[in-house]
1. Does residue 47 meet the test of being in a strand (DSSP E or B) and out of contact with any helix residue (DSSP H, G or I) (no Cβ under 7 Å at 6 or more places or on another chain)?
2. Which condition number does residue 76 fail, the rest of (1) modelled with pLDDT of 90 or more; (2) under 13 Å from the mean Cα position of the chain (by Cα) being met?
3. List every residue pair whose Cβ atoms sit under 6 Å apart, with the two residues 6 or more apart in sequence or on different chains, where the first one lies in region 73-102 and is more than 15 Å from residue 19 (Cβ to Cβ) and the second, anywhere, is at pLDDT 80 or above and not in a strand (DSSP E or B).
4. Anything in region 50-67 that is surrounded by fewer than 22 Cβ atoms within 10 Å (Cβ to Cβ) and either at pLDDT 90 or above or assigned to a strand (DSSP E or B) (or both)? List them, or say none.
5. Within region 29-49, can one find any residue that is loosely packed, with under 14 Cβ neighbours inside 10 Å, closer than 24 Å to residue 81 by Cβ and modelled with pLDDT of 80 or more?
6. Do you know which residues across region 1-16 are modelled with pLDDT of 85 or more and over 13 Å from the mean Cα position of the chain (by Cα)?
């Protein structure tokens, strides 16, 4: 795939369409509804070479580390460490699993 230009930013209203497409592609479309319900403060989007490649949503907790709600990485961008980068950007533990995940 060549050199990857990776950027992680807080999710904004302009990310809606890209996050919706990623959510559908990664079977996390339910997470999009949460994101729309005011999770924008606790969501990040990763782009690779200018294309949306993934997102993560967390719920803040009083204990410190946020509770991971959902994470989705487009299949073609998996195995590049993007999940871990998203979790780090949210302040979540690298081995965090979404709430309710096995």
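The values are calculated or read from the model by the stated rules, or taken from the named source; none is laboratory data. Everything quoted here is computed from the prediction, not taken from an experiment. No Cβ is skipped: glycine too gets one built from the backbone with ideal geometry, and neighbour counts run over all protein chains shown.
1. Details: in a strand (DSSP E or B): yes; out of contact with any helix residue (DSSP H, G or I) (no Cβ under 7 Å at 6 or more places or on another chain): yes.
When the stated conditions are applied, residue 47 passes them.
2. For residue 76, the exception is condition (2).
3. 94/84; 94/87; 96/87
4. In the first step, residues of region 50-67 are kept if they are surrounded by fewer than 22 Cβ atoms within 10 Å (Cβ to Cβ); the result is 50-52, 59-67.
Of everything in region 50-67, those that are surrounded by fewer than 22 Cβ atoms within 10 Å (Cβ to Cβ) and either at pLDDT 90 or above or assigned to a strand (DSSP E or B) (or both) turn out to be 50, 51, 52, 59, 67.
5. Yes, region 29-49 contains at least one residue that is loosely packed, with under 14 Cβ neighbours inside 10 Å, closer than 24 Å to residue 81 by Cβ and modelled with pLDDT of 80 or more.
6. Within region 1-16, 5, 6 qualify.
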